[in-house]
1. Here's a check for you: in the range 80-111, which residue that is under 13 Å from Leu61 (Cα atoms) and open to solvent by less than 50 Å² (accessible area, probe 1.4 Å) is modelled with the highest pLDDT?
2. Can you tell me which residue within the range 112-143, out of those that are free of Cβ contacts under 8 Å to residues at least 12 places away in the same chain and either charged (D, E, K, R) or open to solvent by less than 30 Å² (accessible area, probe 1.4 Å) (or both), is nearest to Pro57 (Cα to Cα)?
3. Do we have Leu160 as modelled with pLDDT under 90 and hydrophobic (A, V, I, L, M, F, W, C) here?
4. I'd like to know if the range 13-30 contains one or more residues that are at pLDDT below 90 and at positive phi.
5. I'd like the full set of residues that are under 14 Å from the mean Cα position of the chain (by Cα), part of a helix (DSSP H, G or I) and of a type in the set (Gly, Ala, Ser), limited to the range 53-81.
6. Please count how many residues of the range 11-36 are open to solvent by less than 30 Å² (accessible area, probe 1.4 Å), among the aliphatic types (A, V, I, L, M) and in contact with a strand residue (DSSP E or B) (Cβ under 9 Å, 6 or more places away or on another chain).
7. Please enumerate the residues belonging to the range 61-78 that are over 16 Å from Gln43 (Cα atoms) and among the aromatic types (Phe, Trp, Tyr).
8. Could you check Phe162 against (1) of a type outside the set (A, V, I, L, M); (2) in contact with an Asp or Glu (Cβ under 7 Å, 6 or more places away or on another chain); (3) in contact (Cβ under 8 Å) with a residue 40 or more places away in the chain and say which number it fails?
Amino acid sequence: SAPVYGGSARVEFFGAVNAEASALKAAGVTCGVQQSEGDSLVQRGRNELVWRFLASPFTHLLFWDADVVPTRPGYVAEMLGKGHDVIGGAYPYRAGTPRVVASLHPGRDPELVDGCIDALDVPTGFMLISRRALMAMARRFWSEMFYRSDHRDDMGAPRLAFFDCGVRDGRYLSEDYL
């Protein structure tokens, strides 16, 4: 699922999506692509993509922002193979900086285990989430997440706000973190 504000993305992004889809097909994984276009509120677009995913037969949802272009195909199959309910792919924070987008646990040295590092939070820009994780969140936080859509195409339809901005544990987090 790709949130694309304004409906445009770079050619490199679509080339990467096609290469990844081919790699998944070669690995025997069925996939589909959904876009959320035209919504200036990113978190509402993400929530809409989750709703569409939950109505599908797929087992995992991959958020892949249009400005994230992996260096090679195969990352999504590798992420699936790790077996985690939530896993984020590392990508540069800003061009030309050595940082990656993620927050590690303060006061703890990162430990690489089977190619993964346990993080405090990871961004949704390249995040794979299992249906099981989303359903567990829905059950646990239903009363805090439930709302009715105000979108002209589905006015009043039930929705869940999985990705919203807010203060968590004294930190202000954008929709980009789960």
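The values are calculated or read from the model by the stated rules, or taken from the named source; none is laboratory data. No experiment lies behind these values; they were computed from the predicted model shown. Reconstructed Cβ throughout: ideal geometry from the backbone, glycine too, with neighbour counts over all protein chains shown. To get the accessible areas, we keep the full protein, side chains included, count just its heavy atoms, and leave off ligands, DNA and RNA. Shrake-Rupley method; radii C 1.70, N 1.55, O 1.52, S 1.80 Å.
1. Among those that are under 13 Å from Leu61 (Cα atoms) and open to solvent by less than 50 Å² (accessible area, probe 1.4 Å), it is Ile87.
2. The extreme case among them is Arg139.
3. yes
4. Taking every residue of the range 13-30 in turn, none turns out to be at pLDDT below 90 and at positive phi.
5. none
6. Final tally of qualifying residues: 2.
7. Tyr75
8. (2)
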